[in-house]
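K.L.:
This is the structure I have questions about; it appears just below.
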Amino acid sequence: MIETLPRREREVFETLCGLGQGATAAVRDSLRDPLSDSAVRTLLKRLEAKGLVIRSADGAWRPAPQGRALADSALRRMVDTFFAGSAASAATALLGLTKTLKPEELAALRRAIDAAGEEAPS
């Protein structure tokens, strides 16, 4: 569904996903090409009507629970399109973008690799 969103809605949605949650001003300030508060509010309300974001009682916006499934779907499309379906090639490319990993990130990667190795057919 993300790929069917108009460009600015997609940008606001992706920005909010990156933030995890935030007020309209935080979303606006994080955009590459900032918009007015009212424009960001309008886009967030459109995304809310589509069920992609929700607004909490304190006024903060956050991706709706299915946002994770949408992120997984977008990542799968990226891996299929640019890495011939190879998660290992995509992971290697992603690791090449950073020079250092935090210890907890490295540990999480090791656990994921170990789990994938356990699930692989012998």
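K.L.:
May I ask you to list the residues in segment 26-35 that are at pLDDT 95 or above and not basic (Lys, Arg)?
P.N.:
Across segment 26-35, the qualifying residues are Ala26, Val27, Asp29, Ser30, Leu31.
K.L.:
If only one of Glu14, Glu9 is touching a Leu at 6+ places or on another chain (Cβ under 9 Å) and acidic (Asp, Glu), which one is it?
P.N.:
Glu9
K.L.:
Follow-up question, since we're still on this one. Being without any contact (Cβ under 8 Å) to a residue 24 or more places away in the chain and among the β-branched types (Val, Ile, Thr) narrows it down to one of Val53, Val79, Val40, so name that one.
P.N.:
Val79 is the lone residue from the list that is without any contact (Cβ under 8 Å) to a residue 24 or more places away in the chain and among the β-branched types (Val, Ile, Thr).
K.L.:
Quick check on my filter: what residues within segment 1-35 are in a helix (DSSP H, G or I), of a type in the set (A, V, I, L, M, F, W, C) and in contact (Cβ under 8 Å) with a residue 24 or more places away in the chain?
P.N.:
Answer for segment 1-35, where residues must be in a helix (DSSP H, G or I), of a type in the set (A, V, I, L, M, F, W, C) and in contact (Cβ under 8 Å) with a residue 24 or more places away in the chain: Ile2, Val12, Phe13, Leu16, Cys17, Val27.
K.L.:
Hey, another quick one. Out of Ile113, Ile54, I need the residue that is among the β-branched types (Val, Ile, Thr), within 21 Å of Leu5 (Cβ to Cβ) and surrounded by 11 or more Cβ atoms within 10 Å (Cβ to Cβ). Which one?
P.N.:
Ile54
K.L.:
Hey, another quick one. Could you list, in sequence order, all residues of segment 89-101 that are more than 18 Å from the chain's Cα centre (by Cα) and either among the aromatic types (Phe, Trp, Tyr) or modelled with pLDDT of 90 or more (or both)?
P.N.:
Ser89, the sole residue that qualifies.
K.L.:
I've got another one for you. Being exposed (fewer than 11 other Cβ atoms within 10 Å of the Cβ) and closer than 21 Å to Glu14 by Cα is the filter here, so list the residues in segment 79-97 that pass it.
P.N.:
Selection gives Thr81, Leu94, Leu97.
K.L.:
So which of Ser38, Ser73 ends up being modelled with pLDDT under 95, of a type in the set (Gly, Ala, Ser), out of contact with any strand residue (DSSP E or B) (no Cβ under 8 Å at 6 or more places or on another chain) and assigned to a helix (DSSP H, G or I)?
P.N.:
From the options Ser38, Ser73, the qualifying one is Ser73.
K.L.:
Now for a separate question. If only one of Arg7, Arg46 is surrounded by 13 or more Cβ atoms within 10 Å (Cβ to Cβ), modelled with pLDDT of 90 or more and basic (Lys, Arg), which one is it?
P.N.:
Only one candidate passes the filter, namely Arg46.
The values are calculated or read from the model by the stated rules, or taken from the named source; none is laboratory data. Everything numeric here is computed off the predicted structure, so don't read it as measured data. Positions of Cβ are backbone-derived with ideal geometry, glycine not excepted, and every protein chain shown enters the neighbour counts.
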